[in-house]
Structures are given as structure tokens and as C-alpha cells.
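Contents: one structure, followed by commentary.
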Amino acid sequence: MSLAHPPWIERLAVRRLSLSLLLAALSLLLPLTWPTRLLAAWSVGGLSYLGLAWTLALRLDVHRTRARAMALDPPGWVAFSMAVLSMLASAAAIALLLKARGGSSGLDQALHMGLALLALGLAWVLIHTLFAFRYAHMYYHQRWQPPGEVPGLVFPGGEAPDYADFLYYALVVGMTSQVSDVQVQSRPLRRLTLVHSLLAFVFNMFVLALGINVLAGLLS
């Protein structure tokens, strides 16, 4: 099978990112305070990007998954930078959650709480979606998977994975900080899984501490 990828892949990716950035920029025009406005822009942009990315990924078969993974996956530092950005957005969400407890208006409190929780959820999903795309790239790219070698990830059933399989693997690592029924066969993918699991553990503890803090504040 040819490893060439069709040009529509690049066009669709550019349009998806452009639409997400446009919607985020338009959100900055909302009549809100600047911290709330920035968090709203992050939430709108992240929600639109994830919605479009997941819709496309879940529709691609194995052959299209391979073509897209080889054509579009960003360098490792880009994925890591996006993960750090998600962590910073979560810190902003914490600030708004704490601010909401002392707000003078019930409507403002509800708005702050809703945006902060949405930002936290989007940051969590975005981190693991980026890792899923990275797993797909490393699985199918020749640099990481020379012809004839055992695949870096072995999924149950022995079939070639599509994006839904990589999303499953990434979300399992994100929720549990460990692998389940997928076997990791290559050193580069073991290292990526290690980084992913450590980041997931820190982020999950971060969210848990936030939840306990906010619950204690509501009960006090």
C-alpha cells in the first residue's frame, strides 16, 4: 500500500484549526471581565477543535488513519507545549473557581463555575487527544516503525488500529496512569507512555485537590 497521503488531509486540518482559532478570537469580544473572557475563548476554541478532531478521527478507517498520522502529527515538543498550555488553562480555571465562591452575584458565580469546570474538562480531554495522535504517528511512521518489525503497540485481536483504538489507549492511560490490554512493544512508545502516565497522574491529582478545595469552601 502506498504511504502517500491525499491533499484533502492537510486542507481539512488547516480549516479545522483556523475555525477553532476564529471562534476563540470572536469569544474575546464578549462583554465579560478579561480573565473570564480569556477562559471563555480557551473553552470555545478547545471545544470546537476537539469536536471537529474527534468527529473526523472516529470516521477514519485504518488506511486513512495511517495516511493522516504520517502526514499531520506535530513534533513532540508541540504536543508537550500544548499539554503545558492545557495545564495553565486549568490553573486559570482554579483561580476562577476560587473567585466564584466570593462573588457578589449568583449569576456571576454560576458563570465562573461553569467556565472553570468546562476549561478543566477540555484541558483533560485535549491532553489525552494530543497523546493519542502522537501514538498514532509513532505507530505508523517509518522512523519509529521500520518495515518487518513488531508493531510498537499490540492491540487485542491483532488488527491494525485506527484512531478510535489510539484514543482508547490514550484515555485509559489518562484515567489510570497505566496500560490495560494493549501491549507496548517498543522502547520509544514505552517512553512516551511513561511521560503520558506521569503527566496524567499529576493532572488528575491536580483536579482532585481542586475538587476537595472547592467542596470544603462550599461546606464552610
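The values are calculated or read from the model by the stated rules, or taken from the named source; none is laboratory data. The structure displayed is predicted, hence computed values, not measured ones. All Cβ positions, glycine included, derive from the backbone under ideal geometry; neighbour counts span all protein chains shown. Heads up: the accessible areas ignore ligands, DNA and RNA and are worked out on the full protein's heavy atoms, side chains in. Shrake-Rupley method; radii C 1.70, N 1.55, O 1.52, S 1.80 Å.
Results, tabulated for the structure shown:
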| read-out | value |
| --- | --- |
| FRET E, pair Asp181, Leu107, Förster distance 35 Å, beta-carbon r, rounded to 0.05 | 0.15 |
| Inter-site label distance for Ala91 and Leu19 at 7 Å from Cα along Cβ, in nm | 3.2 nm |
| Accessible surface of Ile212 - all protein chains present, 1.4 Å probe, nearest 10 Å² | 110 Å² |
| List His112, His141, His63, His196, ordered by accessible area with a 1.4 Å probe, largest first | His63, His141, His112, His196 |
| Candidate residues Val182, Val154: accessible-area rank, largest first, probe 1.4 Å | Val154, Val182 |
| Heavy-atom SASA rank of Arg37, Arg187 (probe 1.4 Å, accessible area, largest first) | Arg187, Arg37 |
